[in-house]
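Contents: one structure, followed by commentary.
Readers should treat all values here as calculations from the given coordinates under stated rules, not as data from a laboratory. Note that the structure is a prediction, hence the values are computed from the model and not measured. Here Cβ is always computed from backbone atoms with ideal geometry, including for glycine, and neighbour counts include all displayed protein chains.
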Amino acid sequence: MSIFISLILATIRQAAPILITAIGGMFSELTGVVNIGLEGMMLMGAFSAAVVSYYTGNPYVGILGGMMAGGIMALLHAILSIKYKGNQVVSGVAINLFASGFTVFMLRVLFNQSGNTPTVPKTATFFGMSIIVFIIYIIAFASHWFIYKTVWGLRMRAVGEHPLAADTVGINVLKVRYFGVIMSGLLAGLGGAYLSIGALSQFTKEMSAGRGFIALAALVFGKWTPGGVLGASLLFGFADAGQTLIQQYVTGVPPQFIQMLPYILTLLALAGVVGKAVAPASSGKPYDKSDS
Amino acid sequence: MTNYILEMKNMRKTFLGGKVVANDDITLNIVKGEKHAIVGENGAGKSTLMKILNGLYTPTSGTISLNGEVADIKGPGEAAKLGIGMVYQHFMLVPTLTVAENMILGVEPTKGMNLDIKKAREDVRKVSEKYGLAIDPDAIISDLSVGIQQRVEILKILFKGANLLIFDEPTAVLIPQEVKELYKIMDNLIEEGKTIIFISHKLQEVLDISDNITVIRRGKDVANFETKDATKQKIANAMVGRPVLFTTEKPEVTIGDKIVEVKDLEVKNNKGLPAVKKVSFDIRAGEVFGVAGVEGSGQSELVEAMTGLRKIESGAFTLNGENLAGKTPRHITLAGLAHVPEDRHARAAVSEFSVRDTFAFGVHREKFTKNKILLDVDKLEREADFFMEAHDIRPRGTKTAFGKLSGGNQQKIIVARELEKKHDLIIASQPTRGVDIGAIEAIHKLILEEKKTGKAVMVVSAELSEILNLSDRIAVMCGGEITGILDRKDATEEKIGILMAGGKL
Amino acid sequence: MNRKLQGLLVPILAVFIALLLGAGIIGYLGENPLNAYYYLFTGAFDGKRAIARTLLEATPMIFTGLSVMVAFKAGLFNIGAQGQVIMGGLAAAAVGAFVHNIGINNVFVVLIIAAAAGFAWAGIAGWLKAKLGVHEVISTIMLNYIALNFEQYGLNYPLKAGGPMGPSPQTPPVFEASRLAMLMPDTKVALNVGFIIAVIAVIVIWFMFEKTITGYEIKAVGLNPTASENAGINVKWRILFAMGIAGSLSGLAGAERILGGVGQYTYRQGIMGSYGFDGIAVALLGKNTPVGALFAAILFAALRTGGRSMQFNTSIPSQIIIIIQAIIILLIAAENMFHSILDKKKKVSN
């Protein structure tokens, strides 16, 4: 029984960073901007949260630091993709590469380390889970209300599906897109902050470990809806949690195969969603009114 | 002084820092309560002018006056406040949202932090009753028919208080029945005190319903007629700048045996619903077989099935006795079927490819390779040069990107390329869509030449005049079925109209 | 200045600006940028040893740069180059170090097997995309992580020198017959025939896209798949084929690292570095052309080898090279920004 409960709690914990990053990705993609850079934004968030927590001694300021770092990276992506109408995938990949390099470089400059920061203050926990987890789930549930019941949500969806139509009724398409992209950075940064000062109490190199990409898969699998994304993230969280459990109890199988499970599961999930998942119509296309 | 609701004086609009002049010193005056038609070729600048009026573009220079007062239209919101509304050719409706959501977009009523959907529904009902246009506020746009969607577009601008309504090619996507209904709606709106501007390239329509006509050519306003003084010839000549031929000479040819047979063909559309329902017809050598019908009647799916791009659920399709149902596009091409697709940008060519590479596209394995591995670039250059000379396509360089040519020249190249293929049947879908009047003549000529060499030609077009101009026999499609096949000599617009609407003769 | 020329200028400007910003960081950290860059340059190019080191480092990146480029031409993003490099390397080590059959552990055969492993690994993503429409960005990234786990598994169990109880996670050295010949043995740097093969690959890929039917069709599919389908091109096969070729190129990168002796002919932890991801940067900087990839790879390699010399002779950590590289990529991504700035300059001068 207690294994069961600890599995559920572990699932909720492991799902949290994927969930919030995927919700962030959803904000961006619903307005029509593809964000491959979630991984980089998460990593920068993790690093900044740890560094700010270290220097201020306050992990809660650290959370804000993490979110801001993600937001700044997202602003960069927004400027490249929206203002300069660049290729959104290339911009995202560039941000990921930048984040990898930047975090490693700053590790050396600030702490003269190559693998991880020293221990930093972490957040309070309830039921064995960082307070950030609770914040994450609250935001996730609130996003459903936001997307479907508010004016902003309606406009976001309109811009994503038919930006020209939105433009002709006087909606500022670019502003709505900037909002979506920056939100994605803030939320991915929060996810990263959880990794460094929520779950652990330090930043380690490449600690996002692909979660930003799994979040993208959760977005596709969840068909760009908050409810779907929640379900998909819990599924991936379960795979992650289950994997540590399986390793404890199952001997004879090399651990690496079990570690592969979440990634294989993602592949299968993507293969299975085929044809039934339709992205917002303007996804990936820069908005140019003279294209009409 | 005439009662002008709108005066646009010396309107000038340029793009790319002055390199592209879309509107060059245009003056347009609209009388209150009239139906004013704006006519012009593709790219003449009429859409740009209307977009300025609707606030999507800001003019480079010129003044706009509404009811005598100078107006500065800063954006679509401003335009709506000034009582201007536009019904676009490609609807500005978000397909995944409901009617009510589309109506209130941009002017959403709120209850605290939430969207007040109840009020939105009420608003829709009020407007719909006031103008007598019934509509379900909770219907999702993508589930509605084209005619109904257009109604939503109209209600949307009436809801925002439009007095001057602009329609951009409003009947392009409607069946004759829906067209008649739209004309009635327009008359009602005039009775309610509204003024209407509409853009159209259908000369008959312009003569039928407008009071006044302005012709735009190459960014300038070149003519203005009162409709009672206008004729099709006058309008067309003003549009092109020279006398225009309306009918093309049809070569006298004896029609041969059946070479194409389609029997009980059934095809599904992208949603999995039947789009082609037990369609049967045949085409003979030297015959031009026209398929008329409003878009969405199943013709696109029929052509896709015949060219191997869509699955045939059941039925047969034979060319010269060979069964082509279910074969790959390549096999069908090699079997003797050439195809000018209806959407040339999506299907016929790669815009970024050079003109030279476009000539090879689709025939690269047959004609332009010596050993199936290497591309015969020299041969390609020679043939491309030859084509461009022969068909007078400008600009001459074969290295220009295909996408940079005019619509008419693009289509000429596509048609020429397809005709060069070894073929017995050529299917031309919407062959002159987006093509200027000057090039239309040339393309029609190319198509009719096919008769002389005993080829079978199938022309699918939503332009009735084109069908009547080219065809020996005409089939009419409606709702996925062929509602009738007429000999050209028995066919009239009226009869075809009845068949297009699903009626029987 | 027309668009095309502007386009060529962008990579050069990007590198220049990145180096400028790098100089700024160096200055901020208390060193003389000119001094630091002197060591950077000499470390990369001064003398036979330096050049050998630079070209050796460039070799895998030429392969992966071509790999990303080929996929890009077909309209696909090959973020999975790293995984393909690993699988190619594992295949090379598995055959080269464990298969005793002379006919099979011959270097050419091993190379082909490694290329095939890369082909298959990328082919999974290609098949998922062609057949099921799965976005290749996510699938290739997942395959990267799976490949990493395979690497760990291989180095710790079946391929481990001395068996699972062996001293360290690495394979035994490959047999003599499987090794690539040295090009500059007197420098004691492992620059090998793999570099020549990489240059040949550049020429072959260039030829494929300029002069062959296959290249023509791949370009068409990348630019307009609907039209290509209409023209009778088998779009699904072309996507699969392009990914496969991309994978085999990356696979060769992995093979070179093993068979070329840079790690004493063994597969050891970390030997595959980040070459797969570098390939993305190389392809972008090289403006998606084969020759561009060649020069971009050599440039990045020079930054790396020079960076080590700079770290040795000054207090600047070599990680600054990663930052410079990242700035270059961000600037490339901002290409349109360059165009609009240059266009504005033109307007003002008119």
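Residues of segment B:461-505 falling in the label zone of B:K278, defined by backbone nitrogen less than 12 Å from a point 7 Å along Cα to beta-carbon, are B:481-482.
The percentage of C-alpha pairs in chain C whose separation is greater than 26 Å is 53%.
Structure remark: mean-square fluctuation, Gaussian network model of chain C, C-alpha springs under 10 Å; the largest value among C:K188, C:K129, C:K287 belongs to C:K188. Beyond 23 Å in Cα-Cα separation lie the following of the pairs B:K445/C:K219; B:K277/B:K327; A:K85/C:K73; A:K149/B:K51: B:K445/C:K219; A:K149/B:K51. Which log10 I(q)/I(0) values, to two decimals, does chain B give at q = 0.06 Å⁻¹ under the Debye formula with one point per Cα? Result of the Debye calculation: -0.32. In chain A, Cα pairs under 8 Å separated by at least six residues give a relative contact order of 36 percent. Taking springs between alpha-carbon atoms closer than 10 angstrom, which of C:A334, C:A198, C:A71 fluctuates most in the Gaussian network model of chain C? Maximum among the listed residues: C:A334. Across peptide C:205-218, the mean count of Cβ atoms from other chains lying within 10 Å of each residue's own Cβ comes to 3.
Please identify the chymotrypsin sites (Phe, Trp or Tyr not before Pro) of segment A:87-185 that satisfy two criteria: DSSP loop assignment and at most 10 other Cβ atoms within 10 Å. Which are they? Sites meeting the loop and neighbour criteria: A:F127.
Legend: helices of chain C (whole DSSP H runs) are marked when their alpha-carbon atoms reach 24 angstrom or more along the helix axis and their mean Kyte-Doolittle hydropathy is at least -1.0; marked are C:3-28, C:48-73, C:81-98, C:107-132, C:136-156, C:193-211, C:235-259, C:290-313. Classification of segment B:440-482 by its C-alpha gyration tensor yields an oblate form. The axis ratio a/c (a ≥ b ≥ c) is 1.5 or more, and b/c is at least a/b. Of the peptides B:300-306, C:315-321, the order by per-residue mean of other Cβ atoms within 10 Å, starting with the highest, comes out as B:300-306, C:315-321. Distances between placed amide hydrogens fall under 5 Å for A:G170 paired with B:G77, all partners being 5 or more residues away or on another chain. Sorted from greatest to least, the principal axis extents spanned by the alpha carbons of segment B:290-331 come out as 30, 20, 18 Å. Ranking C:I104, C:F209, C:S228 by how far each Cα lies toward the positive end of the dipole of chain C (charges on Cβ) leaves C:S228 at the top. Across the cross-link table entries A:K175/B:K156; C:K188/C:K287; B:K74/B:K220; B:K180/B:K489, which are compared at the Cα atoms, the separations over 30 Å belong to C:K188/C:K287. Mind running the shape call on segment B:189-303? Use the C-alpha gyration tensor, a ≥ b ≥ c as the square roots of the eigenvalues: rounded below 1.5 for a/c, prolate if a/b tops b/c, oblate otherwise. Taking the square roots of the gyration eigenvalues as a ≥ b ≥ c, segment B:189-303 is oblate.
A Förster radius of 30 Å combined with the Cβ-Cβ distance from B:I255 to B:D187 puts the calculated FRET efficiency at roughly 0.10. Per the Kirkwood formula applied to alpha carbons, segment A:16-157 shows a radius of gyration over Rh ratio, Rg over Rh, of 1.00.
Springs between Cα atoms under 10 Å define the GNM used for chain A, and in it the highest mean-square fluctuation of A:G92, A:G65, A:G57 occurs at A:G57. Taking a straight line from the alpha carbon of C:K236, these aspartates and glutamates sit under 19 Å away, with near neighbours fewer than eight places off in the same chain left out: B:E304, C:E136, C:E217. Take each residue in A:170-177, count the other chain C-beta atoms within 10 Å of its C-beta, and the mean is 2. In this rough spin-label picture, where each label sits 7 Å from Cα along the Cβ direction, the A:L268-B:R218 distance is 6.7 nm.
Take each residue in A:247-260, count the other chain C-beta atoms within 10 Å of its C-beta, and the mean is 3. Apply the Debye scattering formula to segment B:102-161, with a single equal point scatterer on each alpha-carbon and no solvent, then give log10 I(q)/I(0) at q = 0.16 Å⁻¹. Those come out to -0.48, one per q. With a ≥ b ≥ c the root eigenvalues of the C-alpha gyration tensor of segment C:143-203, is it rounded (a/c under 1.5), prolate (a/b larger than b/c) or oblate? It comes out oblate by the Cα gyration axes.
The simple spin-label model puts a point 7 Å past each Cα toward its Cβ; for B:T453 and A:I131 those points are separated by 8.1 nm. Global dimensions of segment C:1-99 from alpha-carbon coordinates: Rg and Dmax equal 19.1, 58 Å. The Rg/Rh ratio for the protein assembly as shown is 0.99, where Rg is the radius of gyration of the alpha carbons and Rh is the Kirkwood radius. Positive end of the dipole of chain B (Cβ unit charges, origin at the Cα centre): among B:I166, B:L133, B:A428, the Cα lying farthest that way belongs to B:A428.
Segment C:142-191 and segment C:65-92 have Cα centres separated by 19 Å.
Straight-line cross-link partners of B:K278 among the lysines, defined as a Cα under 17 Å from its Cα and at least 8 positions apart when in the same chain: B:K263, B:K268, B:K311. Between C:Q6 and B:D487, the distance separating the two model label sites (each 7 Å from Cα on the Cα→Cβ line) works out to 6.2 nm. Suppose R0 equals 60 Å. What FRET efficiency, 1/(1 + (r/R0)^6) with r the Cβ-Cβ distance, do B:E441 and C:I17 give to the nearest 0.05? Here the calculated transfer efficiency is 0.65. Ranked by how many other Cβ atoms sit within 10 Å of their own Cβ, fewest first, the residues A:D288, B:D25, A:D167 fall in the order A:D288, B:D25, A:D167.
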